[in-house]
1. Rounded to whole Å, give me the distance from the Cα center of the stretch A:35-95 to that of the stretch B:356-429.
2. List the aspartates and glutamates whose alpha-carbon lies under 17 Å from that of B:K362, not counting same-chain residues fewer than 8 positions away?
3. Give the cross-link partners of B:K240 among the aspartates and glutamates, using a straight C-alpha distance below 15 Å as the criterion and excluding same-chain residues fewer than 8 apart.
4. Once R0 is set to 30 Å, what does the formula 1/(1 + (r/R0)^6) return for the Cβ-Cβ distance between B:A75 and B:K230, expressed as a FRET efficiency to the nearest 0.05?
5. Going by how many other Cβ atoms sit within 10 Å of their own, how do A:M229, B:M430 line up, fewest first?
6. Dividing the Cα convex hull volume of the stretch B:324-453 by residue count, how many Å³ per residue is that?
7. Taking the Cα centre of the stretch A:237-378 as origin, sum charge times position over the Cβ atoms of Lys and Arg (+1) and Asp and Glu (-1), and report the length of that vector in debye to the nearest 20.
8. For B:A388, enumerate residues with amide H under 5 Å from its amide H, sequence gap 5+ or separate chain, H modeled in the peptide plane.
Amino acid sequence: MKSHAAAVLVVLCLRLAQAGSVVSYVGDIDQWQVEVFAGSANPGGILEGPALEAGFDHHGSLCFLPSGEAYFATGGVVFHISKEGTFRFLAGLPGMYGCQDGPVTRATLGLQSSICLDGKGGLYIGDRSNRCIRRLLQKDGGWIVETVAGDPSKPEWKDKPVDGTGREAVFKYLHSNVVADAQGTAFIMDDNFLRRITPDGKVETLNPQGGSGKPDDAPLESARFSLIMGGGMCFGPEGALYVADRWNHCIRKVDLAARQVTIAVGPGTGYRDGPEKNCGFHDSPGHIVYDPYRKRFNTNGVDDWGLRAWQNGEMRTIAGGVPNSKALEGPARESRIGWCGTFALDPRPPHEIYFWSGHGWTGRIGRLYRPAERKGDNR
Amino acid sequence: MKLLAFLSIAFLGGVLAAAQGLEAVVGNEVSLVEGDLLVRPRGAFAGGVYLVAWQDGWPGLNATADIAAVRLEPATLKPLDPAPIKVCAAPEAQSRPAIAAGKDAFLVVWQDFRNGKDHDVRGAIVEARTGKVAAPDFGIAVRPHNQARPEAAWTGEHFLVVWQELRGRDTYAVMGVRVSSEGKVLDAEPVVYAESGAAPAVCVSGDKALVAWADGQASAGALVDAQSGKLLKAVGAKGKVNTRCPNDIAIAHDGAGGFMVVSARESFPNPWGWPGPGAVLCSRVNADGSAPEETTNYGYYLNNVCARKVPNVVDTATWGTSDRWQAGAPGGFKGTADGLWPHGKPGVAWSGEGSFLFVWVKGKIQPDRLNLAGYEVWLRGMDAKTLAVTLTDRRVAGGAGADANAPCLVAGPSGECLLVHERVKAGEKMRVAAARLNILKAKPGAPSEKGHL
């Protein structure tokens with residue numbers, strides 16, 4: 001009975017939050033549509049095949065190659081996605097989770113992972129389940145998995161992160177996705193500590209005096225964040241990191257050169273579009289990506305209902321935002337966006353926007369597009 | 001891949017599982033084959049021999065996986081073939097094998113990605129007496145789009161093969177055809193058993209077959225005329241076998257028209273407990289199609305399962321010291337009462353003594369509450385009519401540094417069962433392992449040890 005009451009309370013709170021939402025759409029909202037790019041409605045688990053027939057499990061993380069091929073991590077596997085949209089395993093095996101390195105023909109991955117290009121033809125894997133950073137790279141004509149840093153056999157750190165090289169380093173909970181710069185240096189939010197991982201596996205905590213706490217403009221060394229499952233991260237055009245500081249309901253800018261962290265958007269509670277210093281987030285921002293083609297940041301929430309864009313000092317909704325919408329597919333302003341996850345931009349014109357739309361503990365890859373820009377379906 | 005000559009790798013045998021009604025004598029675990037990646041072993045018994053088939057290799061991009069098998073002498077589990085039978089070694093990936101035992105031959109089915117675009121369902125007939133692949137590599141469902149996750153059963157006259165197939169833009173249906181013992185597909189068009197469903201299982205008892213599948217958060221099912229393959233009716237009042245446990249369905253029958261469905265609620269630990277508990281539930285389907293567990297109230301977050309207030313719980317993760325699942329509670333998820341978590345596909349077989357036997361996997365929750373390790377296979381018996389426990393839970397595979405996964409339980413000759421599973425140990429090749437289970441009626445005051453098989 002208590003749990004029922006708690007559930008009712010949560011639903012009421014959500015409704016109240018939704019009732020107070022302020023949605024302001026981008027000017028061309030009616031030109032945009034949402035469709036499912038990949039993921040069957042009822043796959044029965046992880047499954048290879050054509051995009052709309054593939055099966056996913058748990059959250060997903062997507063990144064594109066310049067060619068239009070892509071990679072997608074979900075449920076203990078990394079898929080390769082061909083230009084035609086065929087999903088094949090690149091690493092991992094459904095139901096067989098672990099941290100075995102070696103050729104992909106027998107390497108194992110954790111259940112939950114994020115991925116990004118490592119700048120050298122491979123992929124970094126933020127292996128949340130195994131609390132380590134791994135790499136998928138091509139060697140001798142095949143793909144192998146290696147552990148770059150972290151050791152799942154060691155207990156998680158207690159008070160402060162443990163830095164070091166390779167397996168000396170200890171991680172706790174990889175809230176964010178992994179990102180990497182052009183030199184192949186990776187960054188990830190581990191609990192509320194920003195960790196930098198060099199290609200040779202040296203791990204350094206960039207805010208060792210920080211950790212969990214309210215947002216403020218602060219030196220990087222003492223910056224505090226409040227992420228929880230799904231807090232995301234991306235590079236901006238000038239090389240700064242932008243962190244979706246989910247439970248602080250704001251977007252933080254991490255200037256790595258100046259070693260300074262500032263509040264870029266928010267903070268504010270409740271789904272509220274508007275000027276960047278006066279807008280708000282419900283259970284978000286959960287993920288963030290810089291869209292170089294439209295020169296804006298796209299963001300979304302974990303338990304939110306809209307995709308939004310931050311541009312020219314304003315936050316605007318680019319899809320969803322209407323709590324009572326029923327279907328993911330359809331006109332962007334009527335779309336029902338599920339539990340959100342990764343964003344990715346197709347490098348091929350017209351640079352359509354891909355996002356994870358979760359439902360329960362699985363989901364599908366959605367795509368935001370303008371029909372007028374399509375010259376035939378490219379997938 | 002190397003066939004091992006009857007190598008006994010662990011002694012779990014000689015253990016008598018005295019309980020409320022049944023005893024289980026567990027034979028020595030023997031390793032049948034070793035290789036880099038041997039996945040999802042499945043077994044069947046026909047013509048006086050067991051056949052165990054598995055996926056040999058990884059099925060991903062630029063790799064290959066084949067279907068291989070070996071016959072076993074039932075009394076000793078000695079391989080009857082000098083090398084694994086190559087059931088199918090076509091290009092690209094053949095994966096997820098399933099087996100049905102015919103009169104004197106086996107039908108092995110699998111999903112096949114040889115076209116590089118999508119899965120088809122293909123099969124082969126293997127003779128029980130010789131091990132010869134009498135009908136090699138024939139198509140069962142070969143059409144555009146995915147046809148995947150096949151399962152098969154013998155009706156007494158022919159095989160019934162079911163699978164999931166895309167219908168419409170992005171939704172899978174459950175479909176099936178009959179296949180002769182010579183490997184000929186008997187139906188020009190498949191029968192659609194469910195317009196929406198995935199990962200089906202099938203079992204025949206008498207003149208009916210039960211086809212069950214995952215339907216959202218539920219397991220659903222239908223009775224099928226075994227001879228014609230035609231759909232008779234949905235099970236229960238609403239077509240559901242149970243409402244909260246859809247994954248990894250397996251079915252067995254009692255020989256008198258009754259079926260037992262076992263399925264998993266696949267979930268994984270997390271520091272806040274958000275995904276809910278992993279669980280294995282059993283659900284009865286009677287000969288008339290009634291499904292007593294269809295309307296069971298499993299409670300918010302499966303609290304009635306965690307508290308074992310419903311009778312059809314084979315296993316469940318529980319929340320530390322509480323009998324409720326308290327996802328998101330302050331302090332987070334600290335672990336289960338026994339430190340274990342049910343995981344992966346369960347198996348079921350008829351004991352011959354009024355009970356069904358269940359096998360499933362438990363993993364040990366690691367201190368970070370993110371991972372499982374130390375996978376073991378556990379055994380339980382439950383009364384077919386009352387669901388009372390007739391054989392208390394005990395580990396039958398895994399331990400001593402070796403993981404046991406993906407168990408399959410095969411009803412064999414005269415009250416015996418065969419347990420087959422994957423075996424992984426650090427620093428060693430992966431293996432397919434097997435053990436005999438002899439199920440007996442318990443004698444009052446029986447000693448706790450008895451000679452092993």
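1. Each part reduced to its Cα centre gives a spacing of 31 Å.
2. In chain and number order, the partners are B:D248, B:E266, B:D315, B:D338, B:E376, B:D393, B:D403, B:E422.
3. B:E195, B:D215, B:D288, B:E293, B:E294
4. Plugging the Cβ-Cβ distance into 1/(1 + (r/R0)^6) gives 0.15.
5. Ascending number of Cβ neighbours within 10 Å: A:M229, B:M430.
6. Spread over its residues, the Cα hull of the stretch B:324-453 gives 154 Å³ apiece.
7. Working: 20 positive and 16 negative charges, 37 e Å.
The calculation lands at about 180 debye.
8. Here B:D383 satisfy the definition.
Read-outs throughout are calculated quantities, based only on the coordinates presented, and are distinct from any laboratory measurement. As the structure is a prediction and not an experimental result, all values here were calculated from the model. Quick reminder, even Gly has a Cβ in these numbers, built from the backbone with ideal geometry, and neighbours come from all protein chains shown.
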